[in-house]
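Have a look at the structure below before the remarks.
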Amino acid sequence: MSDASQYSKSSQSEEILARATATTASMRADLEATLPVIIDYGDGAYVYDVDEREYIDMTASSGAILLGYGHPQVTDAVCHELRRGGGLLPSTLSPLQLELAERLGAVFPCAERTLFFRTGSCATTAAIRLARLHTGRSIVLTSGYHGWHDWHLTPFPRFRQKCPDVIDFRYNLNLLEQTIAEHPGDIACIIITPEPNFFDDDYILEVRAIADAHGIVLIFDEVVSGFRYGLGGYQSACNVIPDMATIAKGLANGHALSAVIGRKEILARREETHLVGTFHHDRSPFAAALATLDVLGAPGRYDQLFAHGHMLVDGLNAVFEQQGVVAEAFRHPGLFHILFDDEDLWQDIVAECRKGGVLLHPFDAQMITVAHTQANIQKVLDTMASAITTVRTRRPERAIASSGKPSDVALNYRTLHEFGGLVDYRLPIDQIPHVWHQDDR
Ligand SMILES: Cc1ncc(COP(=O)(O)O)c(C=O)c1O
């Protein structure tokens with residue numbers, strides 16, 4: 001966990017921090033931030049802080065940016081809508097919304113029907129409500145992060161807020177099966193965030209089979225994965241079709257738009273509940289999404305994105321080898337992880353890369369965008385190499401020259417803290433550690 005002392009000591013940052021200390025609602029969320037920089041604006045692969053320092057961004061703003069910051073085609077489409085009345089107009093239906101639903105239906109295998117929202121949290125919350133209505137059952141089985149709404153507070157034990165009828169099986173299939181056996185006929189849905197960097201497609205096939213065997217609605221939370229593995233999401237990439245899915249990040253290249261997509265008889269349950277919001281119909285995010293799909297759908301776009309991702313992943317692994325650190329970059333080029341055997345060393349290197357002008361995510365996936373060029377990738381590799389050298393020079397005892405893949409201990413530490421599960425998803429239940437994900441965020 002970083003703290004406010006990590007922020008830059010220059011004039012603008014200091015002034016903003018002083019004002020924020022007097023007004024922010026949450027020291028923890030606003031000041032002890034994941035990224036101790038105050039970003040002012042972005043352009044393509046770059047972001048700039050309030051002191052005009054330039055960074056190559058590898059966070060994609062929690063994965064929401066897929067084309068790069070301020071993509072001209074998307075910005076033009078949004079501005080065009082804003083000039084036609086400001087975005088929000090009286091009717092709930094709009095041609096833009098319809099066109100987007102049709103285009104999503106053409107690329108996502110599960111998308112017989114689509115319901116739009118503004119955030120990922122709203123989409124996941126709507127999806128579980130629809131699943132409960134459809135099945136007439138109440139219990140939700142979950143793994144991974146799905147947002148901030150009341151039903152999903154279980155992964156944050158430090159807040160001591162319990163969510164009735166929500167059970168986190170922590171990606172462990174023994175725990176999943178046991179929980180289903182303990183609550184016969186009471187499980188409405190399984191909602192799971194796919195983690196393909198850590199679990200093979202076999203894993204998700206098994207989850208699908210378990211859901212089918214018990215008539216449980218299966219929801220893929222594709223808020224992150226929806227556009228990172230190609231058009232059509234992880235469900236297309238692995239060819240396992242959920243009953244519903246939620247999508248958001250990447251959909252409108254950073255503009256607030258999310259959707260529940262799924263089987264028509266489940267989404268038709270909308271008639272039996274209230275899922276209406278004033279801002280759900282704002283036109284400009286739909287315009288952003290259509291422009292984003294135009295750009296993403298251009299021939300070779302994903303090939304280029306993945307080629308650059310591979311270049312980066314392979315290049316990082318070569319740097320780790322040359323520098324003699326036990327570390328690995330893996331696995332998917334569109335969304336990859338970096339794991340160091342020594343977590344403290346990794347945190348020092350993240351801080352050093354930031355000083356060198358590369359913004360890495362300290363405990364989650366790294367994500368490139370369409371805007372990242374080969375020159376950007378080379379700069380990330382060079383910055384990583386010099387960050388390792390600097391940290392090693394400063395603290396030689398922490399970076400003994402060695403190489404190879406990180407240990408299972410390091411891997412499990414990361415997976416437990418990132419999404420609450422272990423790669424060994426058939427571990428006996430009594431051996432699952434009590435450490436819970438998100439706990440120290
Ligand atoms: C997999 C997943 N689901 C849901 C959410 C919640 O989305 P939002 O932050 O837009 O509410 C997130 C956000 O990080 C996410 O990663």
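The values are calculated or read from the model by the stated rules, or taken from the named source; none is laboratory data. The structure presented is a predicted model; accordingly, all values stated were derived computationally and were not measured. As a convention, Cβ positions derive from the backbone with ideal geometry for all residues, glycine included, and neighbour counts pool all protein chains shown.
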(Q) Of everything in the range 40-84, what is of a type outside the set (A, V, I, L, M, F, W, C), touching a residue at least 60 places away in the same chain (Cβ under 8 Å) and on the phi > 0 side of the Ramachandran plot? Give them in sequence order. (A) Gly44, Ser61, Ser62, Gly63, Gly68
Q: Would you mind finding the one in Tyr234, Tyr203 that is under 19 Å from Thr415 (Cβ atoms), in contact with an Asp or Glu (Cβ under 8 Å, 6 or more places away or on another chain) and either outside the structural domain of Met367 (by TED's automatic domain parsing) or surrounded by fewer than 21 Cβ atoms within 10 Å (Cβ to Cβ) (or both)?
A: Tyr234
Q: Report yes if His149 is surrounded by fewer than 21 Cβ atoms within 10 Å (Cβ to Cβ) and within 26 Å of Asp424 (Cα to Cα), otherwise no.
A: no
Q.
Considering only residues that are within 16 Å of the ligand (Cβ to nearest atom) and free of Cβ contacts under 8 Å to residues at least 40 places away in the same chain, which ones fall in the range 248-281?
A. none
Q) Within the bounds of the range 171-182, is there any residue that is within 16 Å of the ligand (Cβ to nearest atom) and either hydrophobic (A, V, I, L, M, F, W, C) or under 26 Å from Glu265 (Cα atoms) (or both)? A) no
Q.
Between Ala127, Ala188, which is more than 16 Å from the ligand (Cβ to nearest atom), in the same structural domain as Val107 (by TED's automatic domain parsing) and either aliphatic (A, V, I, L, M) or outside any helix (DSSP H, G or I) (or both)?
A. Ala188
Q. Before we move on, is Ala245 small (Gly, Ala, Ser) and more than 16 Å from the ligand (Cβ to nearest atom)?
A. no
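Each row is one residue, and each column tells you yes or no for (1) at pLDDT below 95; (2) within 27 Å of Leu345 (Cβ to Cβ); (3) assigned to a helix (DSSP H, G or I); (4) outside the structural domain of His372 (by TED's automatic domain parsing).
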| position | (1), (2), (3), (4) |
| --- | --- |
| Ile266 | no, no, yes, yes |
| Arg269 | no, no, yes, yes |
| His274 | no, no, no, yes |
| Ala291 | no, no, yes, yes |
| Gln304 | no, no, yes, no |
| His308 | no, yes, yes, no |
| Val313 | no, yes, yes, no |
Q. Got at least one residue in the range 66-83 being within 16 Å of the ligand (Cβ to nearest atom) and within 30 Å of Met384 (Cβ to Cβ)?
A. yes
Q. Do the conditions hold for Phe286, that is, is it away from the ligand (no atom under 16 Å from the Cβ) and among the aromatic types (Phe, Trp, Tyr)?
A. yes
Q | Among residues of the range 130-167, those that are within 14 Å of the ligand (Cβ to nearest atom), outside any loop (DSSP other than H, G, I, E, B) and either at pLDDT below 95 or of a type in the set (Gly, Ala, Ser) (or both), counted | A | 4
